[in-house]
Amino acid sequence: MSPPGVVRIARERGLDLIVVCDHNSAENVGAATRAARDAGLAVIGGMEICTREEVHVLGIFADDRALGSAQEFVYQNLSGENDPGIFGEQLVVDELGEVVGHNSRLLIGATSLSLRDVVHTIHRLGGIAIAAHVDRPRFSIISQLGFVPQGLQLDAAEVCSDKLPPLPENLTVVRSSDAHRPEEIGCRSTRFLVEEPTAPEIGMALRGAEGRRVLP
Amino acid sequence: MNLSEIAHKLGLEVRAGGGALAAEVLGGYASDLLSDVIAHGQEGDLWVTLQAHENTVPVAILKKLAGIVLINGREPDAETLQKAKADDVPILVSALPAFELIGRLYALGVPGMRT
């Protein structure tokens, strides 16, 4: 999953926008953004944050500053050190895919943050909070907690297959790939009616604000 | 055996639902995934878990469980405690890890499977 490869496949599959959300980390967002610069592909940065209930939540942010703050908050609440022999190398790369560093944190782990805290913090930083892959049997809000807790201010739920678990009626559903391998990129996608492919516009579409919306 | 006797014998501390400890415990179920408890929990089960999230309370009500025991010294989240108190759902805590607590429950005669 090198940045140039991701960008090329995303364009081949006809995507205009991708959101890069690594597990508890955003250190490769910059490389993906730079790799896409001249390719006609928009990149928004985010993170797939693992809560202490082991629920995955996508935090999607408008700019590097908010994303950096979110990253800092996650790292402060994430313990453990990666063993590359068990979990593999956690590479930090540049826009050409060249290795520029290693991340030594145990990124596969869960943070000590509650689901409610994570959603609240994403919003405090101006981001979008999406319950990740709610149709998967692992690490989804449905698998871990049975149902969406009352009063949780999610902006949307992500579905990455044709299955749709029971969700609150007023919760917007988006479809995306949850791609972990190049061949999965673009296997599901969502069409948004927006002015431009940016996080604030996507946020408005999820709320159905000012004419922006998620298209069926 | 009811929940009150079990709590006394195993040194469980009651955090909520003190009014419902007379409930008969018919069996035990251990899981940290609420979707799994919804699928497999049975009426009268004592639920052993490390899951401290508030959704445990509606799941316990839905499945008519006898109560919830949090293991390893975990404490319920504030919202969980609030809900459990409002609905009188027993939440107890144990300093023991799950395997040890379940072993002691089993030795007291709480079955994992019912015939």
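The values are calculated or read from the model by the stated rules, or taken from the named source; none is laboratory data. Keep in mind the model is a prediction, meaning the values are calculated, not measured. Here Cβ is always computed from backbone atoms with ideal geometry, including for glycine, and neighbour counts include all displayed protein chains. The area values use the complete protein model at the heavy-atom level, side chains included, leaving out ligands, DNA and RNA. Shrake-Rupley method; radii C 1.70, N 1.55, O 1.52, S 1.80 Å.
A few notes on this one:
- Among (1) over 13 Å from the mean Cα position of the chain (by Cα); (2) in a strand (DSSP E or B), the one test that A:Ile60 misses: (1)
- Segment A:156-180, residues that are among the hydroxyl-bearing types (Ser, Thr, Tyr) and touching a residue at least 24 places away in the same chain (Cβ under 8 Å): A:Ser161, A:Thr172, A:Ser176
- Annotation: of all residues in segment B:60-79 being in contact (Cβ under 8 Å) with a residue 60 or more places away in the chain and not aliphatic (A, V, I, L, M), the one that is nearest to B:Ala23 (Cα to Cα) is B:Gly67.
- Top-ranked residue of segment A:143-155 - restricted to ones that are open to solvent by 20 Å² or more (accessible area, probe 1.4 Å) and touching a residue at least 24 places away in the same chain (Cβ under 8 Å), ranked as farthest from the other protein chains (Cβ to nearest Cβ): A:Asp155
- Flag if A:Asp16 is open to solvent by 10 Å² or more (accessible area, probe 1.4 Å) and either small (Gly, Ala, Ser) or in contact (Cβ under 8 Å) with a residue 60 or more places away in the chain (or both): yes
- Where A:Ile185 falls short, out of the listed (1) open to solvent by 40 Å² or more (accessible area, probe 1.4 Å); (2) out of contact with any Cys (no Cβ under 9 Å at 6 or more places or on another chain): (1)
- Residue within segment B:65-73 that is more than 11 Å from the chain's Cα centre (by Cα) and within 12 Å of chain A (Cβ to nearest Cβ) present: no
- B:Ala30 passes every criterion in (1) more than 22 Å from A:Arg138 (Cβ to Cβ); (2) away from every other protein chain (no Cβ under 12 Å); (3) in contact (Cβ under 8 Å) with a residue 24 or more places away in the chain apart from (1).
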